[in-house]
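The values are calculated or read from the model by the stated rules, or taken from the named source; none is laboratory data. For clarity, every value in this text was computed on a predicted model and none was experimentally measured. Neighbour counts are summed over all protein chains in view; Cβ atoms, including those assigned to glycine, are modelled from backbone coordinates with ideal geometry.
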Amino acid sequence: MVQLYVRSIIYSFAVFSWGSYVSADNSGALTRGLIVPFCTDLTSLASGSGHVVSPKFRDGGPYPAPMFLCWRIQVQQGYSVAFEFGHLDVGLISGQGCLDGSVKLYDGPSDQSPLIGQYCGSTILPGQLMSTGTTMYVEIYVTSNRNNQRGFNAQFFAVRTVTTTTTRGPPVPGCDGEPMVRTSESGQLTSPGFADGQFYRTNLLCEWILLGDPGEVFKISFSSFMLEQSPTCEYDYFTVSDVVVFEEPLSDGFTNVTALNTTSEDIKRDNAASIAKLTLYESRRLNETEILLTACGYHLPYDVETKSHMVLLAFHSDEQVGGRGFNLTFSRVKPTLRCSEEEFKCGNEKCINWTKVCDQTKDCSDGSDEMICPSSSSCGLPAILPIGSRVVGGSEAIRGAWPWTVSILDSHKQAHMCGATLVLPQWVISAAHCFTREYDRDYTGYSVRAGRHNLKMADRNEQTVGIAEVISRRDYVEQWSFNDIALIRLKDPFVMTNYVRPVCLPSSPASAGSQCYLTGWGETLNSCCPNVLKQALLPVINNTVCAGADYYGSRLREHMFCAGYPDGGIDACGGDSGGPLVCPVESSSLGDPRPRHWEIQGVTSWGLLCAAAKKPGVYTAVYDFVGWIQQTIALHTP
């Protein structure tokens, strides 16, 4: 996997220890034998967790070398240790294995215990790793400073030990080799053990068939979701699939079986389960099932509306315990209107051609096609001029000069979590990775604050509102930061003032060389004034340059771009995640130096190191998602 420095403070609250350093002998080799007894001991309560972080990781790296550190993690009896990397960039992977450094995990209290695995380089994260007992031993061993990288951070937590012997209890219906058929109009499904607060079992294959009447479909909504995470969901996963319903007899072997979409209620009532299972068998035999959703990890899947009145839900777990599981509800509904890819769906269930969106005519009766448009006359116009001089580098922003830059707060701690950008009174844009650890849709612990300049000082111009919902792209991939963008609908709209105003969506992509401004409260290196809103002038870098081998290479993907300086020195760092990179649209008036308006071109997403040479900040290209933003706001605005 591409390992990224995600610009976020998601992990900043955890237990942190560097362990103990070891000195090298004259040959440069490390003396290991006597250091093991002095490993840092970390403990976790049954309901708690902690973090293991390599030296200098939070400073952007690189780690020192040579180096040997170790940690011994201990949890209570009846629990096992779950260990998950959040970032891994140690040494290199070569044809002979790990070169110059690696991280090893052992299933027990020392390096004499069974090896769980050795990890290095910046490849795909291994997913959640489990001990079989109450202890896990972790070490980082760096032999050379030739390939010093940023290092690693990881989370550990205690999970209740799941018995895999005959004491597992009776098989759960649907998980016993036979799909469970549900014919009710609505209902609830959970993973085994969820209702008892337990983690799901290993080596499960559970299947449920939802069966409705012809002309109906199912709406499936998740209220909690926590499975083992992996980039391609190859370990534990949940799928939703449409099953093709045949109007003819199913096959030569089942010619006497009435088709599933029969109108005979007596036949359906008496034979629903058998018919459903046979239909599933035949649909699989003919490869006629369509997967609508494959989900894993911690991010709550979006609601799914099926296309068929017969649906297969499947849950698979591998040999390692992965998480608490899921809780979902299903209900039969009439199909909603589906528009083609060339059409925009109005908020009141009408399809219009995309060419009619933002044409200054309300083609949707609810006006949703004109709700948010680039270059609108009501956006991107600060009442207070933002720039006194075009300084290169970070400096304190003029109070109120960037009225669309807002802060996402962890309300429990009253602390800044991520940046965001106001685009409508009730909508802000941020990074999807700011919310990837949400197991449910309870956002009562978060709020959005606008109009404050200093995070530590109340401001008479500030406004704070709660979050109603967070909508990330369905194709967002956390591990690779693909499509790292999210829309946040607020419980109440902000009141527009001189200090709280929306920015414009981009009317064209950012061009290389454009001089744009990053704003945020993060740890912007080489800048002034902690806790106040800062600004930095950053040029957009040609993507060909930023995708070069000496920059980011193949790590820079579609819908991303870079902004910064070849020599580094000024950059977005921790706390700037989700904040805006805005660019001016020059005035059409001859000789007028003031911008006509400002557009958001980038959402602060990721980077390697911080303010380092040839490692500029990477931003989600907002222009590529303008259509998604318009469509999502139209369908989710009450």
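Things worth noting here:
- Residues considered: SER407, SER378. Of these, the only one that is farther than 30 Å from LEU210 by Cα and not in a loop (DSSP other than H, G, I, E, B) is SER407.
- Among the conditions (1) modelled with pLDDT of 85 or more; (2) under 25 Å from ARG441 (Cβ atoms), PRO214 misses just one, which is (2).
- Selection from the stretch 473-519 of residues that are part of a strand (DSSP E or B) and either charged (D, E, K, R) or out of contact with any Leu (no Cβ under 8 Å at 6 or more places or on another chain) (or both): VAL477, PHE482, ALA486, LEU487, ILE488, ARG489, LEU490, CYS504
- Selection within the stretch 348-375 - modelled with pLDDT of 95 or more, closer than 30 Å to VAL495 by Cβ and either outside any loop (DSSP other than H, G, I, E, B) or touching a Ser or Thr at 6+ places or on another chain (Cβ under 8 Å) (or both): SER368, ASP369, GLU370, MET371
- Search result, residues across the stretch 180-196 that are closer than 21 Å to CYS296 by Cα and touching a residue at least 40 places away in the same chain (Cβ under 8 Å): GLN188, LEU189, THR190, SER191, PRO192, GLY193, PHE194
- Tallying residues that are part of a strand (DSSP E or B) and closer than 21 Å to VAL159 by Cα within the stretch 224-241 yields 5.
- Test: residue in the stretch 526-542 that is in contact with a strand residue (DSSP E or B) (Cβ under 6 Å, 6 or more places away or on another chain), crowded, with 16+ Cβ neighbours inside 10 Å, closer than 29 Å to ASP59 by Cβ and of a type in the set (Lys, Arg): yes
- The residue of the stretch 93-117 that is modelled with the highest pLDDT, among those that are buried (at least 18 other Cβ atoms within 10 Å of the Cβ) and among the charged types (D, E, K, R), is LYS104.
Every residue, every condition in (1) under 30 Å from HIS87 (Cα atoms); (2) buried (at least 18 other Cβ atoms within 10 Å of the Cβ); (3) within 22 Å of the chain's Cα centre (by Cα), yes or no:
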position	(1), (2), (3)
GLN414	yes, no, no
ARG460	no, no, no
SER481	yes, yes, yes
ALA486	yes, yes, yes
THR497	no, no, no
ARG501	no, yes, no
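- Checking GLU216 against (1) more than 26 Å from the chain's Cα centre (by Cα); (2) buried (at least 21 other Cβ atoms within 10 Å of the Cβ), the condition it does not meet: (2)
- Residue check: ALA510 meets all listed conditions (1) closer than 15 Å to LEU422 by Cα; (2) buried (at least 19 other Cβ atoms within 10 Å of the Cβ); (3) among the aliphatic types (A, V, I, L, M) but one, namely (1).
- Of all residues in the stretch 41-62 being at pLDDT 80 or above and either surrounded by fewer than 16 Cβ atoms within 10 Å (Cβ to Cβ) or not assigned by TED's automatic domain parsing to the domain that holds TYR137 (or both), the one that is nearest to ILE73 (Cα to Cα): ASP41
- On the stretch given as the stretch 118-132, residues that are crowded, with 18+ Cβ neighbours inside 10 Å, modelled with pLDDT under 80, hydrophobic (A, V, I, L, M, F, W, C) and assigned to a loop (DSSP other than H, G, I, E, B) total 1.
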